[in-house]
Structures are given as C-alpha cells and as structure tokens.
Amino acid sequence: MLFFKRFLIICLALIASLNAGVYLEKPADFNPKAATVGCCFLHYQDKILILHRQDYKAEGNSWAIPGGKLHESEPIIDAIIREVFEETGYKLDKEKVHHIGKLYIKVPNFDFEYHMVKYLEPIQNPGDVKINFKEHKGFTWVTPKDALKMALMTDEDTCFEIVFGIDRPKK
C-alpha cells in the first residue's frame with residue numbers, strides 16, 4: 001500500500017506540472033463551483049465496476065466510477081458509502097473502505113475536489129448491481145485498461161491511469 005501511495009504522489013505531481021487539469025496541490029486559480037465529490041473503485045476478479053450515465057445528466061452517455069457529491073459537513077467515507085449504495089445497491093463495510101487520495105480537478109466551467117477510495121474486499125456477487133435509473137442507464141465490469149478505451153467522464157481517464165498505473169491507449 002505504501003508503494004501505491006508513493007506512486008500516486010509522483011504521478012499527480014507530474015500531471016500537475018503539465019497543467020493537465022488534475023492536480024495534487026490546490027492551484028492558485030482553483031475556484032470550486034461544485035460540491036466535493038468522491039468515487040469508489042469496486043472490484044471483482046481483475047475488473048472494476050463502471051456506470052453508464054443517463055443521456056440527460058451532465059456528461060451524459062459517458063462512463064464513470066460509482067460516486068457523487070458530498071452533502072455539507074458529511075464525512076468523505078460516509079458520503080462515498082452512501083453514494084455507492086444509492087447508485088449500485090451495494091452496502092459497503094466502512095472498515096474496508098480505503099481513502100486513496102484527493103485531487104483538484106479543473107474542467108470547463110467549474111472546478112471541484114475529487115476524493116478517490118477503493119473498497120478493499122472484492123465484490124462477491126457482481127450481477128447484483130441495482131442501477132439507479134434516474135442517474136445511470138447501465139453498468140459493466142471491465143478491466144481498467146479496457147475502461148480507458150471507453151467514453152469516460154472528463155478526467156476520469158487520468159484517475160484510472162494514476163490509480164492503476166496504466167497508460168492510455170494510443171490513437
């Protein structure tokens with residue numbers, strides 16, 4: 001786990017130095033217009049769960065890790081557990097949720113803080129996903145490398161690269 005944290009810090013520092021829109025340190029011009037958000041990497045065997053956003057949602061028809069906005073004063077881990085349950089029906093054990101790190105993300109029209117967590121236990125029943133159809137229209141279990149070939153939400157690909165240490169496919 002220590003190697004992973006060091007790797008994450010090195011990767012984030014490199015990305016920040018390139019002004020790529022994902023930062024480890026808060027940029028001077030950072031102006032959050034959205035609530036803090038978080039995501040949770042859920043895994044089964046060598047695959048992770050990603051959700052397909054409804055067309056009418058922000059960044060509709062794209063794919064993303066389960067997660068969402070934190071309520072005011074809500075602890076990060078509690079918020080992510082709540083969001084995962086709302087979006088997938090999975091009840092996570094708080095003791096098995098590991099905070100990976102926080103990123104500062106600048107996307108067109110707004111900035112936000114992004115907390116990444118990983119569930120330390122594999123999902124036992126990957127077919128038991130209960131989609132919230134108000135937000136998502138589907139789901140899939142995919143390897144992180146194959147996820148990078150999909151239409152992901154803005155800067156989600158950078159998070160995949162950081163967390164899993166894989167390069168984006170060449171076009």
Task: For the range 88-171, alpha-carbon Rg and Dmax in angstrom - done: 14.5, 41
- [ ] Could you pull out the pairs from LYS33/LYS102; LYS69/LYS118; LYS102/LYS130; LYS106/LYS137; LYS69/LYS134; LYS26/LYS137 whose alpha carbons sit more than 23 Å apart here?
- [x] LYS102/LYS130; LYS106/LYS137; LYS26/LYS137
Open item on the list: Can you tell me, using C-alpha contacts under 8 Å and at least 6 residues apart, the relative contact order of the range 2-164 as a whole percent?
Closed with: 30 percent
Open item on the list: Amide H of VAL107 versus every other amide H placed in the peptide plane: which residues, excluding those fewer than 5 positions away on the same chain, fall under 5 Å?
Closed with: PHE112
Open item on the list: List the residues, sorted by chain then number, that are 5 or more residues from GLY101 or on another chain and whose placed amide H is less than 5 Å from its amide H.
Closed with: MET116
Open item on the list: Can you order the peptides 149-158, 81-90 by their average number of other Cβ atoms within 10 Å per residue, highest first?
Closed with: 81-90, 149-158
Task: Integer Hz, Karplus 6.51/-1.76/1.60 couplings in order for the range 70-77, x for Gly and Pro - done: 8, 6, 4, 6, 7, x, 4, 4
TODO: Step through the residues of the range 117-126 one at a time and calculate ³J(HN,Hα) from phi using the Karplus curve (6.51 cos²θ - 1.76 cosθ + 1.60, θ = phi - 60°), rounding each to whole Hz and writing x for Gly and Pro.
DONE: 10, 10, 7, 6, 9, x, 5, 7, 10, x
Task: Percent of C-alpha pairs per 10 Å bin, the range 2-164, short to long - done: 10, 40, 39, 10, 0
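Coordinate-derived values only; no laboratory data. No experiment lies behind these values; they were computed from the predicted model shown. A quick note on method: Cβ atoms are made from the backbone with ideal geometry, for glycine too, and the neighbour counts reach across all protein chains shown.
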